[in-house]
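Novice: One structure, as structure tokens, below. Some questions next.
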Amino acid sequence: MSKYNPNDIQILAQKVVEIVTATPEKGQHIGEIEQAMRERFQEVGQQSLQMLLEAKGQAQKRTLACECGGTLHYVAQRPATVITVFGRVRYKRAYYSGCGCGKGKAPLDDEYRLKPGAVTIGLSNLLSLAGIQFSFEASCAWLKEFLLFEVSENTVRQETERMGELMTKMEAAWIAQSQREDWLQMRQGQNEPVAETLYCAIDAAKVRTEPRAKAGQPKEPHEDWRDVKCLVWFEAEEVPLALQTGRDRSKTARQEVPRRAVRKEYACAITDTTQFGELLWATGCQRQADRCARPVFLGDGAPWIWNLVQTHFPISSGVIESGCKQIVTQRLKLPGAQWLVDGAIYTAKARAAWLSGRWQTLCKQRAALPLVI
Ligand SMILES: [Zn+2]
């Protein structure tokens, strides 16, 4: 059962119609009407969010306990601005200070993980979704049409990289887990489903990195090319009849079974072979590859790939396939792209998370994390 009264929505809708039709220069054709309605709903969203934050941000107490053990005192309802999916929202909320440690606190900001001047988690998810698909510059133009307001290239870059940082942390946890003997043994007795045949394609591609230095780090002397190593775990299944292409049908005519990769999970890194081997093993364990009867490895024949495969999965043979195309070629190698190493890898890892169906997991983690100020 709906928790709100549908009549309330009707009242709101009627109001929007009145507002839109009262603007004489708009409403000439359906495109203009749609645009005008989107703009008004945007304003409704901004004001609703402002009202909600201000209602929740009322001072509840005169004093609060400070993290240092001291006491914070209520000062005033102080203004702040956040950038939301509806655009900039300015709101006032209770602010406390006056503790000996010098820190201040706005409990509402902590509760909703709002950082004044920054984007909300809801908007961040949308910005990073654009940032893993398009160049950051193109993302801004594309986002403006959808969001109806502008965000800077740098904001899209930051939010995209933040998703990649989260993915890096998740992978670090997997790596630590996959190196614990007790964890590995405990899994052997479990009934987690294991694919009959599991494939892993491994390859690498070069990305151009730029000499621009990050604060506090020495400047790199000149532009450089770095290897991004990629892997993708997948299973293969027969292409459903409805999805078969001309090529698939000609395979069927030759008595071959047209197959496609499904349940794909990507990972990538700019690291040495040993560390990449740890990622290979860790992601493989997540996928139950160590319990799979037939893991099949596919590579482009570079010796480092086959050394890794031999080290971790001494049973195996394969044919040629590319996992890099999805991540490196389609995003990191867009025309004119030049990267700082961290930016390249975080963007690549964020894209890998999306392609692996892990986006919602990352978004949930993001929402649960304390803010880094
Ligand atoms: Zn304090």
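The values are calculated or read from the model by the stated rules, or taken from the named source; none is laboratory data. Source: prediction; values computed, not measured. Virtual Cβ from ideal backbone geometry, glycine too; neighbours counted across all protein chains shown. Surface accessibility is based on the protein's heavy atoms, side chains included, excluding ligands, DNA and RNA. Shrake-Rupley method; radii C 1.70, N 1.55, O 1.52, S 1.80 Å.
Novice: Given the whole protein assembly as supplied and a 1.4 Å probe, what does the accessible area of His73 come to in Å², nearest 10?
Specialist: Accessible area, nearest 10 Å²: 90 Å².
Novice: A further question follows. So for segment 92-231, taking the charge dipole from beta-carbon charges (+1 Lys/Arg, -1 Asp/Glu), which of Trp183, Gly131, Pro193 sits furthest toward the positive end?
Specialist: Gly131
Novice: Moving to a separate point now. On the full set of protein chains, 1.4 Å probe, figure out the accessible area of Ile19 and give it in Å² to the nearest 10.
Specialist: In the full protein context, Ile19 sits at about 90 Å².
Novice: May I pose another question? In the Gaussian network model of the chain, springs joining C-alpha atoms below 10 Å, which of Pro335, Pro107, Pro116 carries the largest mean-square fluctuation?
Specialist: Comparing Pro335, Pro107, Pro116 in a Gaussian network model of the chain, the most mobile one is Pro335.
Novice: In addition: Would you tell me the accessible area of Tyr199, worked out with a 1.4 angstrom probe on the heavy atoms of the protein chains, in Å² to the nearest 10?
Specialist: 40 Å²
Novice: Still on this structure, I have one more. So what does the Cα-only Debye profile of segment 233-290 read at q = 0.24, 0.27 Å⁻¹, as log10 I(q)/I(0), no solvent term?
Specialist: So the normalised log intensities are -0.89, -1.04.
Novice: Taking 25 Å as R0, compute the FRET efficiency from the Cβ-Cβ separation of Gln365 and Lys56 and round it to 0.05.
Specialist: After rounding to 0.05, the efficiency reads 0.55.
Novice: Over segment 3-45, what number does the Rg to Rh ratio reach, with both radii from the alpha-carbon atoms and Rh per Kirkwood?
Specialist: Ratio of gyration radius to Kirkwood radius for segment 3-45: 1.03.
Novice: Oh, and also: Could you compute how fast segment 125-167 diffuses translationally, taking Rh as the Kirkwood radius over C-alpha pairs and applying Stokes-Einstein at 4 °C with viscosity 1.567 mPa s? Give it in µm² per second.
Specialist: In µm²/s, the coefficient is 130.
Novice: In the structure displayed, which of Lys325/Lys364; Lys144/Lys349; Lys169/Lys325; Lys169/Lys349; Lys15/Lys144 lie more than 20 Å apart, Cα to Cα?
Specialist: From the list (Lys325/Lys364; Lys144/Lys349; Lys169/Lys325; Lys169/Lys349; Lys15/Lys144), the Cα-Cα distance tops 20 Å for Lys325/Lys364; Lys144/Lys349; Lys169/Lys325; Lys15/Lys144.
Novice: Please compute the modelled spin-label separation between Cys68 and Tyr4, points set 7 Å along Cα→Cβ, answer in nm with one decimal.
Specialist: Taking the two extended label points, one gets 4.3 nm.
Novice: Additional query: Hey, got the dipole for segment 1-160? About the Cα centre, +1 on K and R Cβ, -1 on D and E Cβ, debye to the nearest 20? List each step's numbers first, then the result.
Specialist: Numbers: 19 positive and 17 negative charges, 177 e Å.
Magnitude of the dipole: close to 840 debye.
Novice: Where does the charge balance sit around Leu143 when Lys and Arg score +1, Asp and Glu -1, over other residues with C-beta under 13 Å from its C-beta? Provide the component values of the computation, followed by the final result.
Specialist: Values: positive: Lys144, Arg157; negative: Glu137, Glu145, Glu150, Glu153, Glu159.
So the environment of Leu143 carries a net charge of -3.
Novice: Quantify, in whole percent, the carbon and sulfur part of the accessible surface of segment 51-108 (1.4 Å probe; protein heavy atoms only).
Specialist: About 51 percent, which is the carbon plus sulfur part of the accessible surface.
Novice: Only Lys, Arg, Asp and Glu count, each charged at its Cβ (+1, +1, -1, -1), so figure out the dipole size of the chain about its Cα centre, rounded to 20 debye. Walk me through the numbers before you get to the answer.
Specialist: Details: 49 positive and 42 negative charges, 145 e Å.
Approximately 700 debye in magnitude.
Novice: Can you give me the angle between helix 341-355 and the longest principal axis of the chain, using Cα atoms only, in degrees from 0 to 90, rounded to the nearest 10?
Specialist: Result, in degrees: 80.
Novice: May I pose another question? Given only helices, namely DSSP H runs of n ≥ 4 each adding -39500 (n - 2.57), what is the per-residue ellipticity at 222 nm of the chain, to the nearest 500 deg cm²/dmol?
Specialist: -14000 deg cm²/dmol
Novice: What translational diffusion coefficient, to the nearest whole µm²/s, does segment 1-154 have by Stokes-Einstein, given a Kirkwood radius computed over alpha-carbon pairs, a temperature of 37 °C and 0.692 mPa s viscosity?
Specialist: Translational diffusion coefficient: 179 µm²/s.
Novice: State the answer as a single residue: which of Ala80, Ile33, Leu243 lies farthest towards the positive end of the charge dipole of the chain, with beta carbon charges of +1 for Lys and Arg and -1 for Asp and Glu, about the Cα centre.
Specialist: Of the listed residues, the answer is Ala80.
Novice: Can you work out the FRET efficiency for the pair Lys115 and Lys251, with r the C-beta to C-beta distance and R0 = 45 Å, to the nearest 0.05?
Specialist: E between Lys115 and Lys251, to the nearest 0.05, is 0.25.
Novice: What residue among Thr361, Gln330, Gly343 has its Cα farthest toward the positive end of the dipole of segment 327-373, where the charges are +1 on Lys, Arg and -1 on Asp, Glu, each on the Cβ?
Specialist: Farthest towards the positive pole: Thr361.
Novice: Sticking with this one: State log₁₀ I(q)/I(0) for segment 139-277 at q = 0.15 Å⁻¹ as given by the Debye formula over alpha-carbon point scatterers of equal weight, solvent excluded.
Specialist: Reported log10 I(q)/I(0), two decimals: -1.11.
Novice: Run through segment 156-187 and list the trypsin sites (Lys or Arg not before Pro) located in a DSSP loop whose Cβ has at most 15 other Cβ atoms within 10 Å. Provide the component values of the computation, followed by the final result.
Specialist: Working: sites: Arg157, Arg162, Lys169, Arg180, Arg187; in loops: Arg180.
Qualifying residues, ordered by number: Arg180.
Novice: Next up: Fully extended, how many nm does the chain gain between Ala261 and Lys169 (0.36 nm per residue separation, minus their Cα-Cα distance)?
Specialist: 30.4 nm
Novice: Further question: Which is the longest run of the chain containing none of the GluC sites (Glu not before Pro) found in DSSP loop states (not H, G, I, E, B) with at most 12 other C-beta atoms within 10 Å? The partial results should precede the final answer.
Specialist: Details: sites that count: Glu25, Glu67, Glu150, Glu196, Glu223, Glu256.
Looking at the chain, 257-373 is the longest stretch - no exposed GluC sites (Glu not before Pro) with at most 12 other Cβ atoms within 10 Å.
Novice: Let me check I've understood the local charge: for Leu198, count other residues with C-beta under 11 angstrom from its C-beta, Lys and Arg +1, Asp and Glu -1. What total comes out? Walk me through the intermediate numbers first.
Specialist: Details: positive: Arg263, Arg287, Arg291, Arg294; negative: Glu196, Glu235, Glu265, Asp290.
Overall, the nearby charge balance is 0.
Novice: Still on this model: Identify the trypsin sites (Lys or Arg not before Pro) of segment 237-304 meeting these criteria: DSSP loop state and at most 12 other C-beta atoms within 10 Å of the C-beta.
Specialist: Answer by residue number: Arg254.
Novice: Which values, in whole Å and largest first, are the semi-axes of the equivalent ellipsoid of the chain obtained as the square root of 5 times each eigenvalue of the Cα gyration tensor?
Specialist: Square roots of five times the eigenvalues give 44, 30, 22 Å.
Novice: Taking R0 as 25 Å, what's the FRET efficiency between Gln188 and Glu238 from their Cβ-Cβ distance, rounded to 0.05?
Specialist: Working: r = 31 Å, r/R0 = 1.22.
FRET efficiency, Gln188 to Glu238: 0.25.
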